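Right, one structure below, let's go through it.
The values are calculated or read from the model by the stated rules, or taken from the named source; none is laboratory data. What you see is a predicted model, and the numbers here were worked out from it, not measured in a lab. Counting neighbours? That spans all protein chains shown, and the Cβs are built from the backbone with ideal geometry, glycine included. Please note that ligands, DNA and RNA were not included when accessible areas were found on the heavy atoms of the full protein model with its side chains. Shrake-Rupley method; radii C 1.70, N 1.55, O 1.52, S 1.80 Å.
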Amino acid sequence: QVQLVESGGGLVQPGGSLRLSCAASGSIFSGTDMGWYRQAPGYQRELVAMLTSGGSTNYADSEKGRFTVPRDTAKNMVYLQMNSLKPEDTAVYYCNAVKGWTHYWGKGTLVTVSS
């Protein structure tokens with residue numbers, strides 16, 4: 001079983017940057033993919049970016065060039081670096097791990113982009 005805890009959310013102005021952190025514990029295998037989803041009020045949860053065990057990052061098309069997913073495997077940490085933030089980025093952001101066909105989720109951290 002994998003446990004995920006997000007942190008780093010808060011209020012940021014449009015055009016600003018924010019870095020989210022996800023601490024993972026439990027059984028983390030080399031084949032585990034990790035990344036981020038988000039959910040805004042009135043919308044379904046959507047993929048932001050996923051870092052695969054093979055080293056590639058899969059982004060939603062709208063996030064390419066703005067978001068990156070650094071990972072520190074030694075510390076079981078994954079991050080979401082968000083740049084050029086827009087009001088439409090406002091959402092609860094969830095850390096996600098994929099192990100086989102099983103998804104593991106953190107409780108989420110709120111990001112609000114507003115002036």
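The single condition from (1) at positive phi; (2) open to solvent by 50 Å² or more (accessible area, probe 1.4 Å); (3) in contact (Cβ under 8 Å) with a residue 40 or more places away in the chain that residue 42 fails is (3).
The set of residues from segment 5-60 being hydroxyl-bearing (Ser, Thr, Tyr) and more than 12 Å from residue 95 (Cα to Cα) comprises 17, 25, 27, 30, 32, 43, 52, 53, 56, 57, 59. Could you grab me the full set of residues in segment 45-73 that are more than 21 Å from residue 104 (Cβ to Cβ) and either open to solvent by 80 Å² or more (accessible area, probe 1.4 Å) or not in a loop (DSSP other than H, G, I, E, B) (or both)? Within segment 45-73, 61, 62, 63, 64, 65, 68 meet the criteria.
Within segment 106-115, the set of residues being open to solvent by 50 Å² or more (accessible area, probe 1.4 Å) and either without any contact (Cβ under 8 Å) to a residue 12 or more places away in the chain or part of a strand (DSSP E or B) (or both) comprises 110 only.
When segment 1-28 is filtered for residues that are modelled with pLDDT under 95 and touching a Lys or Arg at 6+ places or on another chain (Cβ under 7 Å), only 2 remains. Being more than 25 Å from residue 115 (Cα to Cα) and polar (S, T, N, Q) holds for only one residue in 3, 13, 39, and it is 3.
Within segment 74-105, the set of residues being of a type outside the set (S, T, N, Q), in a loop (DSSP other than H, G, I, E, B) and farther than 19 Å from residue 6 by Cβ comprises 86, 100, 101. Of all residues being under 15 Å from the mean Cα position of the chain (by Cα) and free of Cβ contacts under 8 Å to residues at least 60 places away in the same chain in segment 74-91, which is most open to solvent (accessible area, probe 1.4 Å)? Just the residue, please. Taking the candidates together, the pick is 76.
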